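Report on the following structure.
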Amino acid sequence: MDTKVIDQYIEDLMTKSTAEIPVWNIEKARAGKKSGWDYIDGCMIMALLELYDTSKDEKFLKFADYYEDFRISDDGTIDGFNKEEWNIDSINGGKNLFPLYALTKKEKYRLALDKLYEQVKSQPRTKEGNFWHKEIYPNQVWLDGLYMGLPFYMEYDATFNGGKNKDDIYNQFFNVEKLMKNPADGLYYHCFDSSKSAFWCDKNTGLCQNYWLRALGWFSMAMLDTLNHAPDKGSDNWNHLKAMFIDLQNSMLRFQHESGMWYQLPALPNVEGNYLETSGTSIFAYSLLKGLRTGILTGTTNEENYRKAGIMAFEGICSKYLKTEGGVLSLDGICLVAGLGPENNKRRDGTVAYYLSEPIVKDDAKGVGPFILAYNEYKLIRK
């Protein structure tokens, strides 16, 4: 594989983007909107910061700093952030402010972290104790949301609060294990409604009907990042979360396609219209390879299988979906978006047909960000 081609692709994404109009936010572009403060851009900036962390190439830090500095005022006010939406997705971009604050010493980043934490402290919860996904999704837990909120919560708590809330964070993961995991195959359903009233849920369990690859991936990254930020490594709760993370990797390996990729609906490979999907595969490539690099997956009986699976996943994406057309490289096979509801959107009903009806796009950050994260780990492990 020619890594120079991927390096140029990343370079082009930066040089062709501005803080207002990044080329990777396809969802905003399709809606005719400028970029604001959202998890999509947060994914991309995180990928650039991880490239900086391992390469120390200043261009990645410079772009990330420019991008976040543009929308954060000196008093820490974040343009486009509205706490009253109680949208857990809004917390995701805050993860980038920890390294930026440490590296640039800009006080605005610390103040912005505090403003995001104000939402975390007051975020509405289900009766089980988990954060609502959004105000428009009351009483609902989505796997996506654990990634958006809990690694930030753990890093903020460990950095500024002495880790006093770590058990609250662990318990939100453990609730998901109890409520959303299918013990028959080790996979987790995409969404859970604690009130059991949503039109898409099973009225006995509160669960949606299907597993969705990217949501499983977000959940995997949520566990990995939380484990790496936790202040109590080796504690009973930390070991429990580690066991959950390892169990999910083992379960996913059973569904990996011979190409190295995973399907949009990973447990239904033979369903007509199902397809090998880029973003979720990238996330699992990253989870496996970074899980090895940070020691979470080392020393296990499956260690070599994890390494092979992570490498095969990344190379599978490159083989199938990384293409040059007219001299321009693009990354295809990315599910644009998927979710359940709300009540006024009955199309998003969680059926197989629904998950296979959402647009498949090129170069969206929900795929590109994880792809770059996986690329970074791939380069490191290949060394």
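Points to keep in mind about this one:
- Bridgeable aspartates and glutamates around residue 106 (alpha carbons under 16 Å apart, same-chain partners fewer than 8 residues away excluded): 65, 68, 69, 74, 75, 114.
- FRET efficiency for residue 30 and residue 233, using Cβ-Cβ distance with R0 set to 56 Å, rounded to 0.05: 0.85
- The three principal axes of the C-alpha atoms in segment 338-381 carry coordinate ranges of 45, 17, 17 Å, sorted with the longest axis first.
- Each listed q (0.12, 0.19, 0.23, 0.24 Å⁻¹) maps to a log10 I(q)/I(0) for segment 271-346 from the Debye sum over equal C-alpha point scatterers, namely -0.50, -0.87, -1.01, -1.05.
- Legend: P(r) of segment 32-109 from all alpha carbon pair distances, 10 Å bins from 0, whole percents, reading 18, 53, 25, 3.
- Share of Cα-Cα pairs in segment 204-271 lying beyond 20 Å, as whole percent: 41
- Across q = 0.13, 0.16, 0.20, 0.23 Å⁻¹, segment 155-267 modelled as identical point scatterers on its alpha-carbon atoms has Debye log10 I(q)/I(0) values of -0.56, -0.81, -1.09, -1.25, in the order of the q list.
- Only lysines eight or more places from residue 181 in sequence, or on another chain, were considered; those with a Cα closer than 18 Å are 196, 203, 242.
- Per-atom-type breakdown for the chain gives carbon and sulfur 48% of the accessible area (1.4 Å probe, protein chains only).
- In terms of overall dimensions, the C-alpha atoms belonging to segment 248-383 reach 48, 40, 26 Å along their principal axes, ordered largest to smallest.
- Span from the segment 34-91 Cα centroid across to the segment 297-354 one, whole angstrom: 23
- 3J(HN,Hα) along segment 306-311: 4, 4, 4, 5, x, 5 Hz, from the Karplus curve 6.51 cos²θ - 1.76 cosθ + 1.60 with θ = phi - 60°, whole Hz, x for Gly and Pro.
- Pairs of Cα atoms farther than 24 Å apart, segment 69-221, %: 35
- Space enclosed by the convex hull of the alpha-carbon atoms of segment 120-190, per residue, Å³: 87
- For segment 151-162, Karplus couplings with θ = phi - 60° (6.51, -1.76, 1.60), whole Hz, Gly/Pro x: x, 4, 4, 5, 5, 5, 5, 5, 7, 10, 10, x
- Across segment 173-331, the volume of the C-alpha convex hull divided among the residues equals 148 Å³ per residue.
- Annotation note: trypsin sites (Lys or Arg not before Pro) in segment 47-122 located in DSSP loop regions with a Cβ neighbour count of at most 15 within 10 Å are 56, 105.
- If you run the Gaussian network model on the chain, springs between alpha carbon atoms under 10 Å, then out of 284, 160, 192 the most flexible one is 160.
- Relative frequency of Cα-Cα separations exceeding 28 Å in segment 1-135, percent: 21
- Per residue, the chain exposes an accessible area of 39 Å² to a 1.4 Å probe, with every protein chain left in place.
- Summarising the label geometry, the points placed 7 Å from Cα in the beta-carbon direction at residue 164 and residue 240 lie 2.2 nm from one another.
The values are calculated or read from the model by the stated rules, or taken from the named source; none is laboratory data. Source: prediction; values computed, not measured. All Cβ positions, glycine included, derive from the backbone under ideal geometry; neighbour counts span all protein chains shown. These area figures cover heavy atoms from the full protein model, side chains too; ligands, DNA and RNA do not enter into them. Shrake-Rupley method; radii C 1.70, N 1.55, O 1.52, S 1.80 Å.
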